[in-house]
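The values are calculated or read from the model by the stated rules, or taken from the named source; none is laboratory data. Not measured: the values here are computed from a predicted model. Positions of Cβ are generated from backbone atoms using ideal geometry, with glycine treated the same way; all protein chains shown enter the neighbour counts.
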Amino acid sequence: MKQTKRDFAIQSLGKPKIPSPLTVGYFKSDDERVLCEINIDSRKVLPAGPLRSMSLEVAGPRAAVYFEPQKVKAAVVSCGGLCPGINDVIRALVMELWFRYGVRNIIGVRYGFQGLIPRYGHDFMELTPEVVKDIQDLGGSILSSSRGNQDIVELVDSLERMNINLFFVIGGDGTMKAAQLIAEETMRRKLKIGVIGIPKTIDNDLVLIQKSFGFDTAISEAVKTIQCAHVEAKGAPMGIGLVKLMGRQSGHIAASAALAQGDANFVLIPEEPFDLEGEKGFLRHLERRLIARNHAVIIVAEGAGQNLFSRKGPVRRDASGNIRLNDIGVYLKERIEEYFGKKKIEINLKYIDPSYIIRSVPANASDSILCGVLAQYAVHAGMAGKTGMLVGLVNDAYVHLPFRAVAAQRKNIDPRGNIWMLVLESTGQPLSMKN
């Protein structure tokens with residue numbers, strides 16, 4: 001069968017010629033690779049040639065670097081929504097640049113990409129080990145953040161005007177798309193600016209990337225909410241605990257939190273449409289559950305059930321260009337109460353939306369480790385002269401990925417895949433709730 005060609009080549013500003021100042025006992029080579037796909041489909045024919053098109057460059061320190069560390073000026077920015085671990089990444093970037101490479105000129109760009117646009121008037125923040133020494137214990141971002149598109153030419157003008165050599169960008173899929181455009185503009189101008197991304201999406205929906213930072217913390221915090229919902233549901237006759245979790249286009253948090261806790265009876269995600277009414281619809285299944293067990297716990301991802309809303313008027317979007325979702329949590333609450341009210345069945349429903357609590361807490365230990373490793377590898381890549389790429393975890397290995405490889409699509413839950421099958425087994429909900 002014909003193979004789909006994928007380009008995982010990493011761009012470089014030039015040949016690294018300067019011996020690395022690192023005192024580590026090992027260095028990585030650009031020739032060290034990790035296979036992108038580890039599962040072999042018997043229906044496909046493996047390519048006879050080299051596996052470079054199927055493999056990814058391994059992250060890590062290089063024996064030679066491109067920039068003279070003492071002359072480097074680095075900038076760090078965080079964009080998009082808040083997420084546990086941003087401060088861990090900022091701290092690790094500064095510590096690696098300062099102590100391992102001897103870089104002494106590091107600035108923080110405040111309020112996302114707005115910070116590079118003069119008309120907004122945002123001040124820069126000087127980043128030193130003293131400034132970042134305890135920020136890993138804080139939620140949010142010491143640089144703050146913002147959403148919305150900014151003019152790429154203006155952004156690169158600012159980087160050029162400020163004599164930036166390394167630009168570290170922390171953000172999700174929209175931010176990585178912007179970073180790709182920034183890298184392309186710097187290359188078009190022949191500027192020696194390395195643009196390196198550290199992927200941040202609490203929804204864990206960046207394609208190819210096994211896990212993004214903040215996801216483990218989100219699950220841990222979501223589990224606490226589900227526990228509370230379960231207590232509330234069992235605390236009254238015909239009790240219902242309804243929890244809305246993050247997940248605009250993918251249900252990774254909802255599914256993983258359900259598996260971690262095991263108290264959920266229904267998990268509703270964007271990838272699996274469902275009906276409300278009808279013999280096979282969600283409400284009828286909920287009724288059966290309540291009659292059988294006298295309580296129920298429901299987890300719904302914020303992007304689930306959007307097909308249930310009428311589409312009238314123009315599509316509304318937020319500052320980042322994302323479609324504004326209808327509030328499925330409130331809608332479900334009202335429809336459940338209406339359904340059982342008509343049947344004269346008294347229920348006790350408690351609705352919990354912990355979204356802003358979950359995303360604003362500090363990272364847990366697992367995420368802190370991931371944040372530190374990603375930041376260190378981002379610095380190694382930048383100092384080696386690489387650009388137009390991000391660092392990520394793929395198949396249990398840290399690798400370099402070109403922006404274009406992750407910006408094309410999102411990672412979704414396969415409704416016929418292992419994760420969703422495990423959720424169905426855990427909850428006991430039917431394979432489909434479509435009539």
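Criterion first (at pLDDT 95 or above and touching a Lys or Arg at 6+ places or on another chain (Cβ under 8 Å)) does Ile240 satisfy it?
Yes: the conditions hold for Ile240.
In the stretch 121-145, how many are assigned to a helix (DSSP H, G or I) and either at pLDDT below 95 or closer than 22 Å to Ser360 by Cα (or both)? Let's see the steps before the verdict.
Start the filter on the stretch 121-145 by keeping residues that are assigned to a helix (DSSP H, G or I), which leaves 129-132, 135-137.
Now drop any that are not either at pLDDT below 95 or closer than 22 Å to Ser360 by Cα (or both), which leaves 131-132, 135-137.
Here the count works out to 5.
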Given (1) surrounded by fewer than 24 Cβ atoms within 10 Å (Cβ to Cβ); (2) within 16 Å of the chain's Cα centre (by Cα); (3) of a type in the set (Asp, Glu), where does Asp203 come up short, assuming only one miss?
-> (1)
If you check Lys224 against the conditions, is it among the basic types (Lys, Arg), in contact with a strand residue (DSSP E or B) (Cβ under 6 Å, 6 or more places away or on another chain) and not assigned by TED's automatic domain parsing to the domain that holds Ala397?
-> no
Hits in the stretch 330-377 - residues which are part of a helix (DSSP H, G or I) and in contact with a Phe, Trp or Tyr (Cβ under 6 Å, 6 or more places away or on another chain) | Lys333, Asp367, Leu370, Cys371, Tyr377
Does Ala75 satisfy the condition of being more than 24 Å from Gln210 (Cα to Cα), small (Gly, Ala, Ser) and at pLDDT below 90?
-> no
Residue identified as outside the structural domain of Ala260 (by TED's automatic domain parsing), buried (at least 20 other Cβ atoms within 10 Å of the Cβ) and in contact with a strand residue (DSSP E or B) (Cβ under 6 Å, 6 or more places away or on another chain) among Gly329, Gly382 = Gly382
